[in-house]
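Colleague: Dropping the structure in here first, questions after.
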Amino acid sequence: GAVVSQHPSRVICKSGTSVKIECRSLDFQATTMFWYRQFPKQSLMLMATSNEGSKATYEQGVEKDKFLINHASLTLSTLTVTSAHPEDSSFYICSAGDRGVGYEQYFGPGTRLTVT
Amino acid sequence: QKEVEQDPGPLSVPEGAIVSLNCTYSNSAFQYFMWYRQYSRKGPELLMYTYSSGNKEDGRFTAQVDKSSKYISLFIRDSQPSDSATYLCAMSRTNTGFQKLVFGTGTRLLVSP
């Protein structure tokens, strides 16, 4: 099956710094990638949708200047949390799909961000 | 009111039991229904995908959708300790293009040997 990786799996950073999370499709070309955030005991909440080569579409209430998304190639999307604060601490999960073979989303293993 | 409601559990059952997991939803526009399994600190894995009302079976798993009641279920037969995970329901309004998924909070299932 399609494999999606994320790096790093876990990151701790100080308040005010920026953190970059990578999402890669390993064995398929991902025309679309999604970024989700999951707080403990809560649903996955969609943050943004990114299509290769175009600007990301952010969900209502998600600050696009704080959560920078770049989808520069068909196998890589990055999420940068700028000027991180403790309330940004969460589990960030990406998913990826290839419209050429259907519309199923394949999820990455997630990145645990802790802001101290 | 949340669009999708799901009991967080935990639900504890002995090995071999039949497990019933459920979600209710409020938006009648949802047409496509999915169940994901998520192990601790891992991303969700798609288990079942169904369209509209009816049943779908895949091995030990059966997904059931009742659109008139806005209620979906996942049944697991002959449950195994390896089934211990969080089960998330998800749904979408369309299958045209990539779907914007709305997830439930997930139900944590514990299957004891």
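Bear in mind these aren't lab numbers, they're just calculated from the coordinates by the rules spelled out. Just so we're clear, the structure is a prediction, and the values are computed from it rather than from any experiment. Note: ideal-geometry Cβ built from the backbone for every residue, glycine included; neighbour counts use all protein chains shown.
Colleague: Enumerate the calculated ³J(HN,Hα) couplings along segment A:58-74 in order (Karplus 6.51 cos²θ - 1.76 cosθ + 1.60, θ = phi - 60°), each rounded to whole Hz, writing x wherever the residue is Gly or Pro.
Modeller: Karplus-based 3J(HN,Hα) across segment A:58-74 equals 9, 6, 4, x, 9, 7, 5, 7, 8, 10, 8, 10, 10, 10, 7, 9, 6 Hz.
Colleague: Further question: Which one, A:TYR36, A:ASN51, A:PRO86, is farthest towards the positive end of the dipole of the protein assembly as shown when Lys and Arg carry +1 and Asp and Glu -1 on their Cβ?
Modeller: In the protein assembly as shown, that residue is A:PRO86.
Colleague: Per q in 0.18, 0.20, 0.22, 0.23 Å⁻¹, report the Debye log10 I(q)/I(0) for chain A, using one uniform scatterer on each alpha carbon and no solvent.
Modeller: -0.85, -1.04, -1.25, -1.35
Colleague: Okay, moving on. Compute, for segment B:1-77, the length of the dipole vector about the Cα centre, with Cβ point charges of +1 (Lys, Arg) and -1 (Asp, Glu) only. Units Debye, rounded to 20.
Modeller: 120
Colleague: Then there's this: How big is segment B:16-75 by Rg and Dmax over its Cα atoms, in Å?
Modeller: Spelled out, the Cα radius of gyration and Dmax of segment B:16-75 are 12.0, 36 Å.
Colleague: Follow-up. Can you give the log10 of the normalised intensity I(q)/I(0) at q = 0.08, 0.09 Å⁻¹, computed with Debye over equal Cα scatterers of the protein assembly as shown?
Modeller: -0.29, -0.37
Colleague: Filter the cross-link list A:LYS55/B:LYS67; B:LYS2/B:LYS67; A:LYS14/B:LYS2; A:LYS41/B:LYS100 down to pairs whose alpha-carbon distance in this structure exceeds 29 Å.
Modeller: Table pairs above 29 Å Cα-Cα are A:LYS55/B:LYS67; A:LYS14/B:LYS2.
Colleague: Sticking with this structure for a sec: Hey, if you put +1 on the Cβ of every Lys and Arg and -1 on every Asp and Glu Cβ in segment B:19-107, which of B:THR24, B:PHE98, B:TYR87 ends up farthest toward the positive end of that dipole?
Modeller: Result: B:PHE98, furthest along the dipole toward the positive end.
Colleague: A further question on this structure: How large is the dipole of the protein assembly as shown about the Cα centre if only Lys and Arg carry +1 and Asp and Glu carry -1, each at its Cβ, rounded to the nearest 20 debye?
Modeller: The dipole magnitude comes to about 360 debye.
Colleague: In nm, to one decimal, how far is the modelled label at B:ALA29 from the one at B:ARG60, with both set 7 Å along Cα→Cβ?
Modeller: 3.8
Colleague: Next question. Select from B:TYR49, B:ALA63, B:SER12 the residue farthest towards the positive end of the dipole of segment B:1-78; place +1 on Cβ of Lys and Arg, -1 on Cβ of Asp and Glu, and compute about the Cα centre.
Modeller: Most positive-ward Cα: B:TYR49.
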